[in-house]
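The values are calculated or read from the model by the stated rules, or taken from the named source; none is laboratory data. Not measured: the values here are computed from a predicted model. Here Cβ is always computed from backbone atoms with ideal geometry, including for glycine, and neighbour counts include all displayed protein chains.
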Amino acid sequence: MKDNGEPMEKYKDLAEEATKSAQAAPVEEPSIEDLQAEIEDLKDRYLRAYAEMDNMRKRQERDRQDIIKYSKEKILRDFLLVYDAIEKSISTANELYPDDEPFIKGLEMIERLFLETLKKHNVEPIETKNMGFDPTYHEAMMQISRADVDAGLVIDELEKGFMLHDRVLRPAKVTVSG
């Protein structure tokens with residue numbers, strides 16, 4: 001390759017042209033109104049971003065509180081099986097040993113203690129007797145037509161339902177009048 005200086009001249013010419021055009025083009029200074037509009041836009045964007053971050057922080061705090069509030073839900077649901085066993089023991093004892101009052105009273109005391117313990121952990125039974133059927137709180141297992149009861153009322157409770165704070169822990173299994 002022979003260096004005859006011709007390509008270097010080409011680049012020099014291009015560089016000179018670029019320098020001349022850069023010097024010839026005047027740089028426009030932004031007006032005060034443009035700068036103020038840009039400041040207002042940036043201020044608005046900042047406030048929106050700040051509000052969004054604040055909302056996200058509040059949402060995360062609310063989610064954290066819910067996690068703490070309902071963290072025992074699974075274990076409490078398992079303990080409801082123990083409550084069911086106690087309740088069945090009482091009804092069986094009433095059927096098979098109606099004369100054994102001390103035994104039945106002992107079982108009823110255990111049931112009360114268990115319900116009080118659940119209440120300490122914000123678990124409350126769902127009311128069903130003489131209540132209107134509500135699918136949020138009740139699970140209909142059967143429907144029975146009775147002339148002496150209005151349609152849509154809970155007739156019998158097959159399994160007690162429970163609430164944890166304001167959330168259904170387990171719906172009550174009920175018989176509904178048709």
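Here are a few things to note about the model shown:
- Exclusive hit being hydrophobic (A, V, I, L, M, F, W, C), at pLDDT 90 or above and more than 45 Å from the chain's Cα centre (by Cα), set Ile32, Ile39: Ile32
- Look at (1) over 21 Å from Asp166 (Cα atoms); (2) in contact with a Ser or Thr (Cβ under 8 Å, 6 or more places away or on another chain) and you find that Asp99 fails only one, number (2).
- Of all residues in region 164-178, those satisfying the criterion of being surrounded by fewer than 17 Cβ atoms within 10 Å (Cβ to Cβ) and either closer than 23 Å to Ala85 by Cβ or over 21 Å from the mean Cα position of the chain (by Cα) (or both) are Val168, Gly178.
- Of all residues in region 144-170, those satisfying the criterion of being closer than 21 Å to Thr117 by Cβ and either in contact (Cβ under 8 Å) with a residue 40 or more places away in the chain or touching a Gly at 6+ places or on another chain (Cβ under 6 Å) (or both) are Glu159, Lys160, Phe162, Met163, Leu164, His165, Arg167, Val168, Leu169, Arg170.
- Filter result (touching a Leu at 6+ places or on another chain (Cβ under 9 Å) and within 30 Å of Ala151 (Cα to Cα)) within region 88-125: Val123, Glu124, Pro125
- Looking only at region 111-139, residues that are farther than 21 Å from Ala85 by Cα and part of a strand (DSSP E or B) come to 1 in all.
- For Glu116: the one exception among (1) loosely packed, with under 10 Cβ neighbours inside 10 Å; (2) farther than 24 Å from Leu164 by Cβ; (3) modelled with pLDDT of 95 or more: (2)
- Test for Leu76: is it touching a strand residue (DSSP E or B) at 6+ places or on another chain (Cβ under 8 Å), at pLDDT 90 or above and either within 30 Å of Glu157 (Cα to Cα) or assigned to a helix (DSSP H, G or I) (or both): yes
- Here Glu87, Glu108 are screened, and the one residue that is among the charged types (D, E, K, R), more than 31 Å from the chain's Cα centre (by Cα), assigned to a helix (DSSP H, G or I) and within 22 Å of Thr175 (Cβ to Cβ) is Glu87.
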